[in-house]
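The values are calculated or read from the model by the stated rules, or taken from the named source; none is laboratory data. Remember, it's a predicted structure, so these values are computed and weren't measured experimentally. Because the Cβ atoms are built from the backbone with ideal geometry, glycine has one as well, and the counts that use them run over all protein chains shown. Note: accessible area is taken over every heavy atom of the protein model, side chains too, but ligands, DNA and RNA are not part of it. Shrake-Rupley method; radii C 1.70, N 1.55, O 1.52, S 1.80 Å.
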Amino acid sequence: MSVQPAHNAASDVQNPQGGHRLADMPVHDPFVLADPNSGTYYLYSGAAPRLNGVDRHGVLVYKSKDLEEWEGPYVVFAIPDDCWADPQHGAWAPEVHEHNGRYYLFVTLHNEGRPLEGDPVQGYAKHWRGTATAVSDSPEGPFELLNPESPVVPSDYMTLDGTLYLDEEGHPWMVYCHEWVQTLDGTIEAVRLSDDLSSAVGEPILLLKGSAAPWLVSETTDEAEKSEPSADAEPLVYVTDGCQLYRTSDGSLNMLWSSYEHGSYVQTIARSTSGKLEGPWEQLDPLVKEDSGHGMFFRTFEGDWRLILHRPFQMPDSRGYVYPIQDLGDRFGLAE
C-alpha cells in the first residue's frame, strides 16, 4: 500500500493504486457510502502512521464501481494540530453521510494527555475520547472539523462510534457508545444534534446496556468468577461497539451493534419494540460470530441490502467481508 504523508487534504496522497480486492485491504470498522451522485462506492477506514505510511492518524477511502475491485487508498482527513485531539492517538470508526447536500464525517478521536477522573480498568486509563464531526462538499474530502475545540458529546463522557440518525421529524441525532472503560457496563446512547451537526443539543438518553444481550459473556471473567468474584478480581465489564440504525420495509427500527462472547467479537442486532429511537430495545439473534463485527448495512445501486464488517478484530490482519442481507419485514437477517 502506497500512501504519502498528509495534513488534512485528499490531494496529498500521490499515485493511488487500483485493482485491490477486499482480501488484500487492511480495514477496520469499515463503512461504505453508496453515493448515487457519482455511482461510486466509497469504503472508509482509519489511517495510521505505522500501517499506512502517513505522518498522523486520519481517515482513508477506497473507491469502487462494482464492490469487487477498489482504487486507492486516498487520505480524506488527517487530524490537524490545532484541535482538541492528538494527531498521534488514533482515528476510529469513520463514516460519511450525505446530509442537506453536503458530506459529513463522523470519526472517533482521542487525547491521552487529557485525563478524566477515575482509576484505570484492566490497564486502560480514562481520557478524552469522543466522536467529532467534519464536513466536505465531496465524499473524497478533504473534511474539515466543525468544532476543533471538543467532541460532540461533552468531553467528560468517554464515548466512541458515533453515527447519524434522523428521527421521524427529520431532526438529527448522534447515536454512540459510552465506553466500558468509564461505565463498566458499556451503553448505547443518543443525543440530539444541532442542525449543522457540530454539537449536542440537550441531554443524552440511554438506549441499551451491553449486558442486555442474553448470549453475552463478560470479557473479564468465566462463569465461576461471575458467581463468586474474589475481592481483588477485576470488575465485570461489557463492551458496546459499532451502533448503526436502519428501518425495515414495515417500518421496524433495527440497530446493529457489537460486543464479545468468550473473548471473540460478535456482530449482533436489536429491535425497538416501539419503532422509535427511545425503544425499549429487544435483542435478536446475532448475525455473525467468529471474531467478526463493527458492521454496517448499505444498499447496492441495484437496491439489494449488504452487510460489511471486519474480521478478525486485530489489525493489520483485519479485512472487510460483505454478506447479502434480507429484509424480513420486522427485522434484517442474513440471506440464505
Worksheet item: In nm, what is the difference between 0.36 nm times the number of residues separating GLN17 and GLU144 and their Cα-Cα distance?
Response: 43.2 nm
Worksheet, complete the sentence: Counting sequence-distant residues (5 or more places) and residues on other chains, those with an amide H built under 5 Å from that of ASP241 are SER258
Worksheet item: Given the options PRO94, PRO214, PRO80, which has the most mean-square fluctuation in a GNM of the chain, springs set between C-alpha atoms less than 10 angstrom apart?
Response: PRO214
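At 0.890 mPa s and 25 °C, plugging the Kirkwood radius over alpha-carbon pairs of the chain into Stokes-Einstein gives what diffusion coefficient in µm²/s? Walk me through the numbers before you get to the answer.
Numbers: Rh = 20.2 Å.
Estimated diffusion coefficient is 122 µm²/s.
Which value at 222 nm does the chain reach when only helices count, each DSSP H run of 4 or more adding -39,500 (n - 2.57), with the total divided by all residues and rounded to the nearest 500 deg cm²/dmol?
Details: 3 runs with 13 residues, N = 336.
The helix contribution divided over the chain gives -500 deg cm²/dmol.
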Worksheet item: If you average the sequence gap of Cα pairs under 8 Å that are 6 or more apart and divide by the length of the chain, what percent do you get for the contact order?
Response: 13 percent
Worksheet entry | Over 31 Å (Cα to Cα) - which of LYS63/LYS276; LYS63/LYS289; LYS65/LYS289; LYS63/LYS126 fall in this group | LYS63/LYS276; LYS63/LYS126
Worksheet entry | Net lengthening on full extension, THR273/THR300 (0.36 nm per residue, minus Cα-Cα) | 6.9 nm
Worksheet entry | Length gained when the stretch SER249-LEU328 is fully extended (0.36 nm per residue, less Cα-Cα span) | 27.6 nm
Item to complete: Extending each Cα 7 Å along its Cβ direction at ASP82 and LEU51, get the distance between those two points in nm, one decimal.
Response: 3.0 nm
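Compute the accessible area per residue over the chain, keeping the other protein chains in place, probe 1.4 Å, unit Å². Spell out each step's value before the answer.
Details: 14100 Å² over 336 residues.
Roughly 42 Å² per residue, with all protein chains present.
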Discussion item. Could you work out what % of the accessible surface of the chain is carbon and sulfur, using a 1.4 angstrom probe and leaving DNA, RNA and ligands out of the count?
Written reply: 46 percent
Worksheet item: Label points 7 Å out from Cα along the Cβ direction at ARG102 and ASP119: separation in nm?
Response: 4.6 nm
